[in-house]
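Quick notes on the structure that follows.
The values are calculated or read from the model by the stated rules, or taken from the named source; none is laboratory data. Just so it is clear, the structure is predicted and the values come from calculations on it, not from any experiment. With ideal geometry, Cβ positions are generated from the backbone for all residues, glycine too; neighbour counts draw on all protein chains shown.
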Amino acid sequence: MKIKKIGIIANIQKRESARYTRSLCDWLRDKEIQVLLEKEIAHKLGATDGLEIRQMAESVDLIVVFGGDGTILRLAHSLCGIEVPIVGVNIGRLGYLAGINPGEMCDVLTAILLGHLDIEKRMMLDVFIYISGQEPKHHVVLNDIAISRGHFRRMVGMDTFIDDKYLATFEGDGIIVATPTGSTAYSLSAGGPIIHPQMSCIVITPLCPHTLTNRPLISPAYVSVTMKMTTTTHAPGAMVALDGMISYDLSAGDIISVKQSPFVTRMISSPLRSYWEILRTKLGWGRLTKEQPILNHANQPQDT
């Protein structure tokens, strides 16, 4: 894949966004790469040729995003149906999706321009929300669907079905349905498993379940997960949040149905660091010391 045009999107609320964008523009133009800017960061830099996100995405070979995971989640929503890969440069806080640090940005892009391009196809979920008295709502999410008590003071109850077959009635603070990418978000905080982001599966994580035998569940990606509110009140209070950005109030009888989306988000992984190194660093699991050399199978003893 020959990279000739690169688009840049930045979270303009981040103080460093303009400086990093300007620096990258200069670096890319020195390498005779055409640069297109999203309209908000273009305006912040005093440029007048900024583009709408989808218009820009349809014209470039890849997009560099300056921001945190929230910035990339919003971009993933905007890019549904456009097969352009994303390079996430973290100027936020934790940054699982934006896995590249600003200091290694030029080294990473140098490797990408030389052809070291590993594109990960991140699974997404179609969400259908049926609220009494309203038109059905459809959204596509990259991370998760979280049903929680919201302002409701009682436990939330949900009859849950897999492919229309009854699984369980979860009662507690709520339930999270996540993709492998979303397994390191809210689901992880709730005790869910860490799933490699290139896998295809659906993670179901109860939130503080009333029944202690309720545990996180991993299902195949091809199933549908349907949840019906059973909370014995018709007053809104419980809520469903989609990737932490879009939310709706829920009442008894409302239904949320989730299945694998035909859309994927294309993320370019760092050619300098593995997923496992990024995971270890973000979670603070420790580091190798001089007394702990990196494993070399060539030096391992052989069976005799």
Condition (residue is charged (D, E, K, R) and without any contact (Cβ under 8 Å) to a residue 60 or more places away in the chain) applied to region 246-253: is it met by at least one residue? no
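Confirm whether Met227 is crowded, with 18+ Cβ neighbours inside 10 Å, within 22 Å of Met155 (Cα to Cα), at pLDDT 90 or above and in contact with a strand residue (DSSP E or B) (Cβ under 8 Å, 6 or more places away or on another chain).
Details: crowded, with 18+ Cβ neighbours inside 10 Å: yes; within 22 Å of Met155 (Cα to Cα): yes; at pLDDT 90 or above: yes; in contact with a strand residue (DSSP E or B) (Cβ under 8 Å, 6 or more places away or on another chain): yes.
Against the criterion (crowded, with 18+ Cβ neighbours inside 10 Å, within 22 Å of Met155 (Cα to Cα), at pLDDT 90 or above and in contact with a strand residue (DSSP E or B) (Cβ under 8 Å, 6 or more places away or on another chain)), Met227 qualifies.
For every residue, the table says whether it meets (1) surrounded by 15 or more Cβ atoms within 10 Å (Cβ to Cβ); (2) part of a helix (DSSP H, G or I); (3) at pLDDT 95 or above; (4) among the aromatic types (Phe, Trp, Tyr).
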{"residue": "Ile176", "(1), (2), (3), (4)": "yes, no, yes, no"}
{"residue": "Arg215", "(1), (2), (3), (4)": "no, no, no, no"}
{"residue": "Gly244", "(1), (2), (3), (4)": "yes, no, no, no"}
{"residue": "Ile256", "(1), (2), (3), (4)": "yes, no, yes, no"}
{"residue": "Glu277", "(1), (2), (3), (4)": "no, yes, no, no"}
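Name the residues in region 66-88 that are within 20 Å of Leu279 (Cα to Cα) and either in contact with a Gly (Cβ under 8 Å, 6 or more places away or on another chain) or surrounded by fewer than 17 Cβ atoms within 10 Å (Cβ to Cβ) (or both), would you? Before the answer, list the steps.
Here is the first cut: in region 66-88, the residues within 20 Å of Leu279 (Cα to Cα) are 66-73, 86-88.
Scanning region 66-88 gives Gly67, Gly68, Asp69, Gly70, Thr71, Ile72, Leu73, Gly88.
Please work out if Ile100 is within 22 Å of Glu83 (Cα to Cα) and among the β-branched types (Val, Ile, Thr).
Working: within 22 Å of Glu83 (Cα to Cα): yes; among the β-branched types (Val, Ile, Thr): yes.
Criteria met by Ile100.
For region 182-213: of the residues being part of a strand (DSSP E or B) and in contact with a Ser or Thr (Cβ under 6 Å, 6 or more places away or on another chain), which is farthest from Ala98 (Cα to Cα)? Quick ask: steps written out before the conclusion?
Keep residues of region 182-213 that are part of a strand (DSSP E or B), which gives 201-207.
From what is left, the residues that are in contact with a Ser or Thr (Cβ under 6 Å, 6 or more places away or on another chain) are 202-203, 205.
Details: Ile202: 22, Val203: 22, Thr205: 24 Å.
Only one residue fits best here, namely Thr205.
Take Glu120 and decide whether it is assigned to a helix (DSSP H, G or I), of a type in the set (Asp, Glu), surrounded by fewer than 19 Cβ atoms within 10 Å (Cβ to Cβ) and in contact (Cβ under 8 Å) with a residue 24 or more places away in the chain.
Numbers: assigned to a helix (DSSP H, G or I): no; of a type in the set (Asp, Glu): yes; surrounded by fewer than 19 Cβ atoms within 10 Å (Cβ to Cβ): yes; in contact (Cβ under 8 Å) with a residue 24 or more places away in the chain: yes.
When the stated conditions are applied, Glu120 does not pass them.
Restricting attention to region 90-116, and to residues there that are part of a loop (DSSP other than H, G, I, E, B) and more than 20 Å from the chain's Cα centre (by Cα), which single residue is modelled with the highest pLDDT? If you could, list the steps in order and put the result at the bottom.
First, pick out the residues of region 90-116 that are part of a loop (DSSP other than H, G, I, E, B): 91-99, 101, 114-116.
The next check asks that each one be more than 20 Å from the chain's Cα centre (by Cα); those that pass are 114-116.
On the way: Leu114: 92, Gly115: 88, His116: 87.
Step by step, filter region 90-116, then rank; the result is Leu114.
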Considering region 1-39, residues that are acidic (Asp, Glu) and surrounded by fewer than 16 Cβ atoms within 10 Å (Cβ to Cβ), and then whichever is modelled with the lowest pLDDT, we arrive at Glu16
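Within region 20-48, take every residue that is free of Cβ contacts under 8 Å to residues at least 60 places away in the same chain and of a type in the set (Ser, Thr, Tyr) and give me the one that is farthest from Lys4 (Cα to Cα).
Thr48
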For region 141-172, give me the residue count where each residue is surrounded by fewer than 19 Cβ atoms within 10 Å (Cβ to Cβ), farther than 16 Å from Thr230 by Cα and of a type in the set (A, V, I, L, M). 1
